[in-house]
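Notes for the one structure printed next.
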There are 2 protein chains.
Amino acid sequence: MSASLQFSHAEAVPQSTSATRRVYENLRGKILTGEVLPGAKLKVDTLKDMLDTGASPIREALSLLTSDQLVERLDQRGFRVAEVSAAQFREILKLRCALEDMALRESVRAAGQEWEEALVLAHHRMVRTPRVSVREFEEQHKSFHMALLAACESPILLKFCDRLYDLNIRYRYLAGRSQGYEARDVSKEHADILAAALDRDVELASVCLIQHYRRTGQFLAERLEGLDFSKVTAR
Amino acid sequence: MSASLQFSHAEAVPQSTSATRRVYENLRGKILTGEVLPGAKLKVDTLKDMLDTGASPIREALSLLTSDQLVERLDQRGFRVAEVSAAQFREILKLRCALEDMALRESVRAAGQEWEEALVLAHHRMVRTPRVSVREFEEQHKSFHMALLAACESPILLKFCDRLYDLNIRYRYLAGRSQGYEARDVSKEHADILAAALDRDVELASVCLIQHYRRTGQFLAERLEGLDFSKVTAR
DNA sequence: TTGTCGATTTTTTTCGAAAAACACAGCGGT
DNA sequence: ACCGCTGTGTTTTTCGAAAAAAATCGACAA
């Protein structure tokens with residue numbers, strides 16, 4: 001089989017997985033980064049054209065996103081992007097502090113060499129990713145934070161943390177990351193968390209992590225404050 | 001239009017909502033009660049016949065159940081009922097104690113008259129439902145427990161609690177509820193929780209609730225212990 | 001016996017079109 | 001002017017069949 005046949009028109013190595021998964025990832029990305037606005041209507045027909053696929057995969061992906069709380073299903077009126085609000089932002093922050101604290105403690109307690117190495121690696125990759133490559137940095141940032149919790153033997157708890165992380169990302173993008181994000185020494189905070197975790201100092205790691213979230217939360221809240229949520233909502 | 005036309009062959013007033021929802025509820029019930037065993041394969045064709053509908057609603061419902069952790073999606077190999085394990089049972093218990101404690105405190109703190117009345121009502125209905133009507137009792141039992149938390153202003157947290165509750169139900173049915181469930185005075189425990197909540201005694205309510213879960217957990221664990229999980233799994 | 005390859009049969013996944021539900025605008029009656 | 005009704009166009013939801021993928025079975029060779 002010739003290479004030109006294998007890698008035909010700009011498709012690279014795409015449909016290794018199902019169309020449903022492709023649509024899911026794609027839409028999820030668009031929602032998290034704010035490329036499609038909160039409240040925006042998600043018409044199957046439009047999406048069909050946009051993502052070049054049938055109605056079934058789209059519908060399925062939207063169902064998946066519904067349980068992720070990123071999409072709302074209106075009974076006989078289709079789907080729309082979930083709304084955002086200052087209240088939800090606060091709730092997410094609070095829950096993340098509570099749940100990640102639990103997970104972190106379990107993780108550090110159960111941690112082994114494997115976890116330690118993966119964590120160091122994740123941190124290194126994050127540090128190496130330039131801040132300007134926003135989407136990539138976000139991915140590495142998430143990887144680092146999840147790596148901290150990874151040794152925790154509570155799959156369900158981990159899943160909750162993962163979801164909350166994703167829900168939170170939207171607000172980061174919403175606040176815009178141009179100004180002042182580096183004013184705070186975020187790298188230092190990450191390094192401190194890493195060091196504490198590697199020392200197996202559960203208490204210190206927990207304090208650092210929560211403080212990290214609180215500070216980021218504070219920072220974002222300020223930026224979000226001036227912002228009228230009804231203004232960043234479609235329809 | 002004649003009544004005989006309106007209510008033709010045994011259809012009563014059924015399809016008020018979408019087929020997807022019908023399938024979702026139906027399957028969810030079957031999974032929670034153990035009518036379909038953990039690990040069982042869920043073939044769309046079989047379900048199509050069984051539930052008398054097309055492939056799309058089934059597929060959609062299965063996607064929904066996937067994010068509820070009640071169904072697993074295997075990449076190109078369809079769906080199966082999520083597995084159960086002693087470890088997961090313990091995890092659920094632990095998480096429920098942590099999260100419901102949080103939710104209960106918030107709920108009681110924010111509670112108003114409306115909440116109080118709904119709670120009393122839910123308790124009454126539960127008491128009035130005979131234990132032998134297992135499914136109905138389960139429903140009322142869930143309503144009561146969720147009513148306790150309902151005033152909490154954290155929709156996401158509530159959703160988590162709801163999910164955990166459902167995940168837990170499976171183990172209740174698995175353990176079988178014939179013997180000894182009444183040996184413990186469960187009604188008393190419920191009444192105590194109710195009283196403490198109505199008194200707005202957060203600490204006491206929390207203690208009662210957690211103890212209630214721990215006891216039930218202990219009770220179920222004993223029953224589940226003898227039980228080889230691989231034996232209650234299909235395939 | 002063990003293992004591999006190929007053809008056939010399920011099973012999953014996706015598509016395109018039909019059916020049902022809904023929104024909206026225009027019409028007529030009060 | 002207001003309200004409700006009906007017809008039209010749009011959108012959502014569902015169905016049935018085709019395409020893609022995996023599992024099964026058996027023959028053949030090591």
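Assorted remarks:
- Calculated on the Cα set of the stretch B:54-93, radius of gyration then Dmax: 12.1, 38 Å.
- Computed over chain A with a Gaussian network model linking Cα atoms closer than 10 Å, the most mobile of A:20, A:66, A:46 is A:46.
- In this structure the amide hydrogen of residue A:71, modeled in the peptide plane, comes within under 5 Å of the amide hydrogens of A:66, A:82, none closer than 5 places in sequence on its chain.
- 7 Å along Cα→Cβ, label-point gaps from residue B:48 to other copies, nm, shortest first: 2.0
- Using the Cβ-Cβ distance between residue A:131 and residue A:110 with R0 = 22 Å, the FRET efficiency computed as 1/(1 + (r/R0)^6) comes to roughly 0.10.
- Relative contact order, percent, chain A [alpha-carbon distance under 8 Å, six or more residues apart]: 25
- Here the protein assembly as shown is treated as a Stokes sphere of Kirkwood radius computed over C-alpha pairs; at 10 °C and 1.306 mPa s its diffusion coefficient rounds to 64 µm²/s.
- Membrane-span-like helices in chain B, defined here as complete DSSP H runs extending at least 24 Å along the helix axis by their C-alpha atoms with mean Kyte-Doolittle hydropathy no lower than -0.5, are B:86-110, B:155-175, B:202-225; this is a sequence and geometry rule, not a statement about a membrane.
- 7 Å along Cα→Cβ, label-point gaps from residue A:184 to other copies, nm, shortest first: 4.4
- For the stretch A:14-118: rounded, prolate or oblate by the Cα gyration tensor [a/c cutoff 1.5]: oblate
- Those lysines that a straight Cα-Cα span of less than 16 Å connects to residue A:48, excepting residues fewer than 8 apart in one chain: A:30
- Per-residue mean of foreign Cβ neighbours for B:151-161 is 4 (Cβ atoms of other chains, 10 Å radius).
- The rotation axis that maps chain A onto chain B passes nearest to the beta carbon of this chain A residue, listed with its distance in whole angstrom: A:67, 2.
- Computed over every Cα-Cα pair of the stretch A:94-165 and binned at 5 Å starting from 0, the pair-distance distribution P(r) comes out as 3, 18, 25, 22, 19, 10, 3, 0 percent.
- Cα extents of the stretch B:80-235 along the three principal axes, largest first (Å): 50, 31, 25
- Of the residues A:27, A:37, A:95, the one that moves most in a GNM of chain A with alpha-carbon contacts below 10 Å is A:95.
- When the stretch A:27-66 is reduced to its Cα atoms, the Kirkwood hydrodynamic radius in Å: 10.5
- Choice from B:132, B:36, B:202 showing the highest fluctuation, given a GNM over chain B with Cα pairs closer than 10 Å: B:132
- Across A:159/B:94; A:159/B:159; A:94/B:159, pairs whose alpha-carbon gap is larger than 18 Å: none
- The trypsin sites (Lys or Arg not before Pro) of the stretch A:56-125 meeting both criteria, a DSSP state outside H, G, I, E and B (loop) and at most 10 other C-beta atoms within 10 angstrom of the site's C-beta, are A:77.
- Nm distances between copies for residue B:132, ranked from closest, using label points 7 Å along Cα→Cβ: 7.6
- For the stretch B:130-211, fraction of C-alpha pairs farther apart than 15 Å, in %: 65
None of the figures in this text is laboratory data; all of them are computed from the coordinates on show. Since the structure is predicted, the reported quantities are computational estimates derived from the model, not experimental observations. Methodologically, a virtual Cβ is constructed for each residue, glycine included, from the backbone with ideal geometry; neighbour enumeration extends over all protein chains shown.
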